Structures are given as C-alpha cells and as structure tokens.
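The structure appears right after this line, and notes come after that.
Rule-based calculations on the coordinates, nothing more; no lab input. All values reported here derive from a predicted model rather than from experimental measurement. With ideal geometry, Cβ positions are generated from the backbone for all residues, glycine too; neighbour counts draw on all protein chains shown.
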Amino acid sequence: MANQIKSSESRFGVVAVSVHWISALLILVLLGSGFSAGYASDAETKAAILRVHLPVAVAVLLLTIARLIWWWGFDRKPASVGGVAPWQDRIARWTHRALYVALLLLLASGIAVSILSGLPDALYGEAVFPELAELPPRVGHGIAARLLVGLVLLHAGAALYHHWVLKDGTLKRIWFQKA
C-alpha cells in the first residue's frame, strides 16, 4: 500500500509522518542552538546562533499549530500498538501530551523573552544586544528546554526499545511506506 495522506488504524499517514520528522529535526536544531547560545560567552557569537534559533522556533511553532489542527480537524491517530501493557500505553499517551506542553511552554517563553528584550531588533536591526539572562521568562525557557530534552530522550528511547527489543513495528508506523 502506498503512502496515504491520512492515518489508518495501523499507521500514520504521510502528513503526520512528514510533520513528525521535520518537527523532530527542527526541535533538535532548536535545542542545540539554544543551549549553544546560552553557554556562549560573547554577544556576537550568541547573536549569530540566535539568528538561526529564532526563525527555526517560528517554523516549529507553525508546524506545531498545523499538527494540532491536523489532529483535531482532519485526521485520527492510529490505534495503540498491540501487545503492550496498559501502563506502557498510558505512559506513552502522557509522554506525548507532555512533549506538546513542554514545547508550547518553550515557544511561549521564547516569544516572551524576544518581545521583552527587543531581541529581534538586536539580531536583525541596529539595536544593542540585550542581556537575556535577567528576564523572568528566561528562567522558564531554560527549565522548559531541559524538560523537553528529557522528554525527547524518553520518547526516542521508548521508540528504539519497541523497535529493537519488542520488534513490534512501532517505528515503521511513523515512517514512510514503500510504494
């Protein structure tokens, strides 16, 4: 069966798969650039990193909104993988929810930091680079980033466990089908 736009009972459709993997890649770029900027010692290096970080964050925000609209209005998620304990299924559901919450908190706090600091004017205009560490949303941004790292590791670890240990086809469900 070729790739289908919408998800079926047993696997994700091409839209969900595409948004998942593009988001995953961009989130890794965000986490890497965010931590790199946070640990950069000079303003010029920090600004160069943030010139990548901000547009990628906007792309992740738009993809996340599109993903939520897609799930709520147009598609359905496949049934849970058979053969797993109910507690594992609950953990998977709550981990996915927590990923969304952490990501949305991270995006919201990043927007707040950008607005309060005038960061876009400093990065793309002539304004002086602001001191970001002193802003209250910056603390939440750092906490949400660390939480997201933990959740991403949990999510990826569980997927690899299902793939290599249980061999239940979990990763095949969220990958492109062969035509």
Between the Cα axis of helix 136-160 and the main Cα principal axis of the chain, the angle (0 to 90°, nearest 10) is 30
Once both label points are put 7 Å beyond Cα along the C-beta direction, the Leu62-Arg90 separation in nm becomes 4.0
With no solvent term and unit scatterers on the alpha-carbon positions of the stretch 14-173, Debye gives log₁₀ I(q)/I(0) at q = 0.10, 0.17, 0.21 Å⁻¹ of -0.43, -1.03, -1.41
CD proxy, 222 nm, the chain: helix-only mean residue ellipticity via -39,500 (n - 2.57) per DSSP H run with n ≥ 4, per residue, nearest 500, stands at -24000 deg cm²/dmol
For 45-57, 73-85, ranked highest to lowest by mean beta-carbon neighbours within 10 Å, the order is 45-57, 73-85
Of 88-95, 145-152, ordering from highest average Cβ density within 10 Å down gives 145-152, 88-95
